[in-house]
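Just so it is clear, none of the values below were taken in a lab; they were calculated from the coordinates. If you're wondering where the values come from, they're calculated on a predicted model, not measured in any experiment. Positions of Cβ are generated from backbone atoms using ideal geometry, with glycine treated the same way; all protein chains shown enter the neighbour counts.
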Amino acid sequence: MKTVFFIRHAKSSWDDMSLRDIDRPLNKRGLRDAPFMAKVLIGKGAKPDAIISSPANRAYTTATYFAAAANIPEENIIKNIDIYEAYITTIQDIITDLSEEWDTVFIFGHNPTFTSLANAYHEEYIPNVPTCGITEVQADVASWKDFSEKTARRKNFYYPKEYFV
């Protein structure tokens, strides 16, 4: 069984318009949601063999909270520039190239790609994966090379507003 958790970065700040998009930090809500959702996911028994993140500040910072909740050192987070501004096919290529030693991987990135991915693996349409939304996708395959829209299915979808009013 191979499992990917697609995790959209937590809410980012637009306070400093001089920052490049890739450098935008999390805002107050993002700093609340990221550690909370990390604890939720780890509390559900998710244990990543690898954490891969877009190098965007908001995505990487979100990933650090999940790494901490999973007791994984921050320096073990793999930054992959291809996730930033990626198309769905780029993410699917990243998945098929994952190490066969890994069974569960957390990937941190952005919309609209992560909403497209959530819908690629399930018939039930999700109009938007919100910030810090988590989509769990599983495939009963032995190799990442066989992880595809035909073999994998969305199993769970979690997001902060399920827990916060």
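Of all residue pairs spaced 6 or more apart or on separate chains, none has beta-carbon atoms under 9 Å together with a first member in segment 22-37 that is at positive phi and a second member that is surrounded by fewer than 17 Cβ atoms within 10 Å (Cβ to Cβ) and in a helix (DSSP H, G or I). Of all residues in segment 34-63, those that are under 24 Å from residue 138 (Cα atoms), out of contact with any strand residue (DSSP E or B) (no Cβ under 7 Å at 6 or more places or on another chain) and surrounded by 22 or more Cβ atoms within 10 Å (Cβ to Cβ) total 1. Is at least one residue of segment 131-141 under 15 Å from residue 48 (Cβ atoms), touching a residue at least 12 places away in the same chain (Cβ under 8 Å) and hydroxyl-bearing (Ser, Thr, Tyr)? The answer is yes; a qualifying residue exists.
Would you confirm whether or not segment 84-98 contains a residue that is part of a loop (DSSP other than H, G, I, E, B), of a type in the set (D, E, K, R), farther than 21 Å from residue 13 by Cα and in contact (Cβ under 8 Å) with a residue 12 or more places away in the chain? Checked segment 84-98: at least one residue is part of a loop (DSSP other than H, G, I, E, B), of a type in the set (D, E, K, R), farther than 21 Å from residue 13 by Cα and in contact (Cβ under 8 Å) with a residue 12 or more places away in the chain. Filtering segment 99-114 down to residues that are touching a residue at least 40 places away in the same chain (Cβ under 8 Å) and β-branched (Val, Ile, Thr), which residue is surrounded by the fewest Cβ atoms within 10 Å (Cβ to Cβ)? Per the stated criteria, the residue is 104.
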